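Worksheet: one structure, shown below.
Coordinate-derived values only; no laboratory data. None of these values were measured; they are calculated from a predicted model. In this analysis, Cβ positions are derived from the backbone assuming ideal geometry, glycine residues included, and neighbour counts consider all displayed protein chains.
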Amino acid sequence: MKSASLSKNLNYNDSKSAVEILLDTDSSKEIRILMKKGQVMKEHKTSYPIMVEIFEGKVSFGVNGKIHHLEKGDLVSLEASIPHDLTATEDSTIRLSLSKADSVERVKEVAKKS
């Protein structure tokens with residue numbers, strides 16, 4: 001058994017989104033992204049499908065130029081190669097589920113460049 005917490009040990013970064021791997025299982029990678037109000041992850045895409053959960057807060061989630069206003073409890077899934085971006089409209093905790101084949105480093109690089 002592996003365990004992690006989305007709500008403990010929150011370490012927001014003042015200048016960019018904080019990306020941390022919580023679990024690396026046989027089937028997926030579970031990532032926590034912490035975004036302070038106003039922080040942005042610029043448009044990007046992935047080679048694999050993803051699942052995004054807004055655990056706390058509110059986020060404007062852009063998909064192909066259309067903005068979706070997501071809040072606590074909302075889930076979205078995206079197929080591979082779909083351009084998307086995020087802007088935190090409140091301090092937010094986001095759970096990102098990645099395919100085992102996808103890279104956490106890719107997500108960290110998106111946060112770094114945003």
Checklist entry - What fraction of the Cα pairs in the range 27-113, stated in percent, has a spacing above 19 angstrom? => result 30
Checklist outcome for this item: The ratio Rg/Rh over the Cα atoms of the range 3-58, Rh being the Kirkwood inverse mean 1/r radius, stands at 0.95
Checklist outcome for this item: Quick calc, the range 27-113, dipole around Cα centre from Cβ unit charges on Lys, Arg (+) and Asp, Glu (-), nearest 20 debye, gives 260
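If eta is 0.890 mPa s and T is 25 °C, what Stokes-Einstein diffusion coefficient results for the range 57-108, Kirkwood Rh from Cα pairs, in µm²/s?
Numbers: Rh = 12.1 Å.
Using the Kirkwood radius from Cα pairs, D works out to 202 µm²/s.
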Checklist entry - Straight-line reach from Lys112: which lysines have a Cα under 20 Å away, not including same-chain ones fewer than 8 places off? => result Lys16, Lys29, Lys36, Lys37, Lys42, Lys45
Checklist entry - Whole-Hz Karplus ³J(HN,Hα) for the range 51-68, in order, using 6.51 cos²θ - 1.76 cosθ + 1.60 and θ = phi - 60°, x for Gly and Pro? => result 10, 10, 10, 8, 7, 9, x, 9, 9, 8, 10, x, 10, 6, x, 9, 8, 10
